[in-house]
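Notes for the one structure printed next.
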Amino acid sequence: IIPTVGSPELLLHRGCVLIQGTHLPHEVDQIRDLEIRDSDVFVVTFPKSGTIWMQQILLLLQSKGDVERISKTDKFSNGDVVPWIEVKGQVHKFVKAESPRFRVTHLPYTFMPIALSHKKGKVIYVARNPKDVLVSFYHFHKLAMMLETPRSFGDFFDKFLKGEVMGGSWFEHVKSWFSHKDDLNMLFIMYEEMVQDLTAAVRRIAEFLDIELTQDQLQNVVKHSTFKNMRKIPQANYEQVPGDLLDHHQGSFMRKGITGDWKNHFTAAQNQQFDEVFNREMKDFPVSFTWDI
Ligand code: A3P
């Protein structure tokens with residue numbers, strides 16, 4: 001019997017928190033040994049750190065900013081075009097897929113293909129300040145039918161700090177991936193840096209992926225990956241995803257897209273508690289986070 005953690009739908013598998021039914025532990029274990037091609041790209045995020053955003057940017061870069069081309073798909077969402085490698089059935093599809101294979105994952109470093117650490121393929125790690133991650137994740141739980149709606153914000157706050165949420169501990173996630181930065185072909189990028197200067201961020205991502213763009217193409221990639229425009233694109237806003245996966249009455253997937261919303265949710269005491277944990281866990285972390293813009 002696999003132990004549940006925090007909530008009945010979550011299971012603890014070798015230190016990793018998965019969702020029952022969505023993830024199958026034996027498939028997740030196959031990821032380590034996957035063969036990797038040089039053209040493979042993995043976007044790695046802790047949940048709610050801008051996964052959909054990077055999926056959108058990758059699709060736009062691939063189509064050189066042609067939004068018509070990426071909208072003309074029979075897929076429900078960006079998540080169907082750039083899938084999560086750990087979701088049920090995806091490992092099998094990955095093996096057979098044509099290049100280039102773009103995938104996303106929330107898995108901790110220890111579950112990822114060993115070949116990545118031989119500098120095969122590329123990894124883009126998107127990090128977001130964890131106070132905003134927590135708030136975004138809390139709201140997402142109300143939408144996501146596969147996750148139990150939190151009893152209260154305070155209850156979710158405690159679970160997040162304990163790592164009893166899908167994806168496990170935010171602190172462990174970012175620290176473990178970052179500590180392997182130099183073993184991998186990895187671009188480490190911050191959500192807040194994308195909020196502040198999307199053009200510069202897209203340029204960095206394109207360079208990392210060796211994708212050459214004209215000035216017009218670059219501008220189109222940026223234009224169609226702004227919060228405002230993505231909100232209007234059904235595949236980017238998960239609008240067409242069936243109601244048994246997302247309860248669309250609870251709000252939209254693209255919720256606010258800002259930095260500092262935690263200030264509207266945290267009490268002074270919660271903020272102090274969070275800072276204590278953050279300062280302890282992240283004291284040796286060389287990169288600083290942006291809490292407000
Ligand atoms: P909020 O809930 O704070 O609005 P993920 O895709 O990893 O689940 O992350 C979702 C979060 O990223 C949501 O945060 C969403 O609004 C935000 N996001 C997605 N696209 C964005 C964009 N173009 N600009 C800013 N934020 C974006």
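Of note:
- Annotation for the range 135-153: at least one member residue is acidic (Asp, Glu), more than 16 Å from the ligand (Cβ to nearest atom) and closer than 30 Å to VAL277 by Cβ.
- Picking from residues in the range 108-134 that are of a type in the set (Ser, Thr, Tyr) and away from the ligand (no atom under 16 Å from the Cβ), the one that is surrounded by the most Cβ atoms within 10 Å (Cβ to Cβ) is TYR109.
- One residue from PRO47, PRO25 being within 13 Å of the ligand (Cβ to nearest atom), surrounded by fewer than 23 Cβ atoms within 10 Å (Cβ to Cβ) and not aliphatic (A, V, I, L, M): PRO47
- Among (1) within 27 Å of GLU239 (Cβ to Cβ); (2) touching a residue at least 40 places away in the same chain (Cβ under 8 Å); (3) within 15 Å of the ligand (Cβ to nearest atom), the one test that GLN217 misses: (3)
- Listed conditions (1) without any contact (Cβ under 8 Å) to a residue 24 or more places away in the chain; (2) more than 21 Å from VAL81 (Cβ to Cβ); (3) buried (at least 17 other Cβ atoms within 10 Å of the Cβ) are all met by ASN237, apart from (2).
- For the range 225-236, the set of residues classified as in a loop (DSSP other than H, G, I, E, B) and either more than 9 Å from the ligand (Cβ to nearest atom) or of a type in the set (A, V, I, L, M) (or both) consists of LYS232, ILE233, PRO234, GLN235, ALA236, listed by residue number.
- In the range 251-293, residue farthest from SER136 (Cα to Cα) [restricted to those that are of a type in the set (Gly, Ala, Ser), modelled with pLDDT of 95 or more and within 16 Å of the ligand (Cβ to nearest atom)]: GLY260
- Taking the range 177-193 as the range and being surrounded by 15 or more Cβ atoms within 10 Å (Cβ to Cβ), touching a helix residue (DSSP H, G or I) at 6+ places or on another chain (Cβ under 8 Å) and assigned to a helix (DSSP H, G or I) as the test, the residues that pass are TRP177, TYR191, GLU193.
- Taken over the range 53-67, the criterion of being within 13 Å of the ligand (Cβ to nearest atom), among the hydrophobic types (A, V, I, L, M, F, W, C) and over 14 Å from LEU209 (Cβ atoms) is satisfied by TRP53 alone.
- Only one of the numbered conditions (1) farther than 30 Å from LEU147 by Cα; (2) within 13 Å of the ligand (Cβ to nearest atom); (3) surrounded by 14 or more Cβ atoms within 10 Å (Cβ to Cβ) is not met by GLN196, and that is (3).
- Taken over the range 159-215, the residue count meeting the criterion of being in contact with a Gly (Cβ under 8 Å, 6 or more places away or on another chain) and of a type outside the set (Phe, Trp, Tyr) is 12.
- When we screen ALA206, ALA201 for residues that are of a type in the set (Gly, Ala, Ser) and away from the ligand (no atom under 16 Å from the Cβ), the only hit is ALA206.
- Cβ-Cβ contacts under 6 Å between residues 6 or more apart (or on different chains), taken from a first residue in the range 269-283 that is touching a residue at least 12 places away in the same chain (Cβ under 8 Å) to a second residue that is assigned to a helix (DSSP H, G or I) and among the aliphatic types (A, V, I, L, M), are listed as VAL277/LEU161.
The values are calculated or read from the model by the stated rules, or taken from the named source; none is laboratory data. Every value quoted in this text rests on a predicted model; they were computed, and no experiment measured them. Virtual Cβ from ideal backbone geometry, glycine too; neighbours counted across all protein chains shown.
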